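Worksheet for the structure shown next.
The values are calculated or read from the model by the stated rules, or taken from the named source; none is laboratory data. It should be emphasised that the depicted structure is a prediction, and the values quoted were computed from it without experimental measurement. Note that we place each Cβ from the backbone using ideal geometry, even for glycine, and neighbour counts take in every protein chain shown. Note: accessible area is taken over every heavy atom of the protein model, side chains too, but ligands, DNA and RNA are not part of it. Shrake-Rupley method; radii C 1.70, N 1.55, O 1.52, S 1.80 Å.
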Amino acid sequence: MANRRRPRSRLHAVMRCGLLALLVLFVYWDNTALRTDSLTYTSTALPTEFDGLRIVQLSDLHNREFGKNNQRLYAAVKQAVPDLIFLTGDLVDEYAEAPIPYAKAVGKALSAIAPTYYVTGNHEWASGRMPEMRQLLEETGVTYLSNTFVPLERNGDTITLAGIDDPNGYADQKTPQQVAREVRDAAPEGFWLLLAHRNNLFESEYAALGADLTLSGHGHGGLWRLPFTDGLLGSGGTLLPSYTNGFYTCRGAEVFVSRGLGGMVRLFNRPEVAVLTLRRA
């Protein structure tokens, strides 16, 4: 009897090893295969000349590389033919060995594709390297929106792009409410976009600022995206979070949250290159 069981035991062992290998390959693919998601945002307030504006949003890279020197990432961005590129925080990771060279390389490559705008995430501040980050980003042509805003013009029409620093920043920095007041003072009736890293502050804070559309990251898509959920884990370990992927509305305000590109192990949650097209209703 013992001799008869051995072949079956070997078969079961081989099957288990095969299933384990397939699982490892799937998880590797799920964390390295870029996915480009094309979405449309429609607004009656959007000026006519901005109808069709294409934005690539990249969030939460955390020093990740997609291909040698990030060539697969840059190829995906180029293929999207963006008018603007938005980096919504956690470009680098606080535990990375070389955050400065990484940020410099990414900033240089992206700004060569299209005008690129950046806001901080919690990891940049936690790394303690923000003074260097600010300088090198400016050197690469990236516009760092540090609690400020800029007008964007197309054929005589103008919209406003504002960005706020992560709460991990300086204690005496402007509040989001102060930035919003400055935007309203400069363009009381104008359409404006807000870049703000933390998705989990939209409902409690950013939704009340008055932006037509806020763009955020931070949630990493909930890491493990299970059916009928917004993911298993939110930032800070929150179970079954919300505001982790796509468009949401709260009290009449809208936010788009990117699933991001890096972070911890992801499941059913491929790294995202988000391509937003603005449309006038």
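If the condition is being of a type in the set (Gly, Ala, Ser) and at pLDDT below 95, then the stretch 127-155 contributes SER127, GLY128. Contact annotation: no residue pair with Cβ atoms under 7 Å, 6 or more positions apart or on different chains, pairs a residue in the stretch 129-154 that is in contact (Cβ under 8 Å) with a residue 60 or more places away in the chain and of a type in the set (Val, Ile, Thr) with a partner that is assigned to a helix (DSSP H, G or I) and surrounded by 16 or more Cβ atoms within 10 Å (Cβ to Cβ). In the stretch 165-258, counting only strands (runs of 3 or more DSSP E) that sit wholly within it, the ones holding 2 or more residues that are open to solvent by less than 40 Å² (accessible area, probe 1.4 Å), closer than 23 Å to VAL273 by Cα and not hydroxyl-bearing (Ser, Thr, Tyr) span 192-198, 213-217, 253-257. Within the stretch 201-229, the residues that satisfy the criterion of being touching a residue at least 60 places away in the same chain (Cβ under 8 Å) and among the hydrophobic types (A, V, I, L, M, F, W, C) are LEU213, LEU215. Assess whether TYR117 counts as being in contact (Cβ under 8 Å) with a residue 12 or more places away in the chain and either part of a loop (DSSP other than H, G, I, E, B) or in contact with a strand residue (DSSP E or B) (Cβ under 8 Å, 6 or more places away or on another chain) (or both). Spelling it out, TYR117 is indeed in contact (Cβ under 8 Å) with a residue 12 or more places away in the chain and either part of a loop (DSSP other than H, G, I, E, B) or in contact with a strand residue (DSSP E or B) (Cβ under 8 Å, 6 or more places away or on another chain) (or both). Being open to solvent by less than 10 Å² (accessible area, probe 1.4 Å), within 18 Å of the chain's Cα centre (by Cα) and of a type outside the set (A, V, I, L, M) is a property that GLY263 lacks.
Just one of the numbered conditions (1) among the hydrophobic types (A, V, I, L, M, F, W, C); (2) buried (at least 16 other Cβ atoms within 10 Å of the Cβ); (3) outside any strand (DSSP E or B) is not true of LEU152: (3).
Select from the stretch 42-62 the residues that are under 17 Å from the mean Cα position of the chain (by Cα) and crowded, with 20+ Cβ neighbours inside 10 Å and list them in ascending order. Listed by number, the residues that qualify are ILE55, VAL56, GLN57, LEU58, SER59, ASP60, LEU61, HIS62. Scanning the stretch 65-109 for residues that are in a helix (DSSP H, G or I), among the hydrophobic types (A, V, I, L, M, F, W, C) and within 16 Å of ARG54 (Cβ to Cβ) yields a count of 2.
Open to solvent by 40 Å² or more (accessible area, probe 1.4 Å), closer than 30 Å to ASN155 by Cβ and under 15 Å from the mean Cα position of the chain (by Cα), is that true of SER38? Spelling it out, SER38 is indeed open to solvent by 40 Å² or more (accessible area, probe 1.4 Å), closer than 30 Å to ASN155 by Cβ and under 15 Å from the mean Cα position of the chain (by Cα). One residue stands out in the stretch 106-149 among those that are among the small types (Gly, Ala, Ser) and over 19 Å from the mean Cα position of the chain (by Cα): the one that is most open to solvent (accessible area, probe 1.4 Å), namely ALA112.
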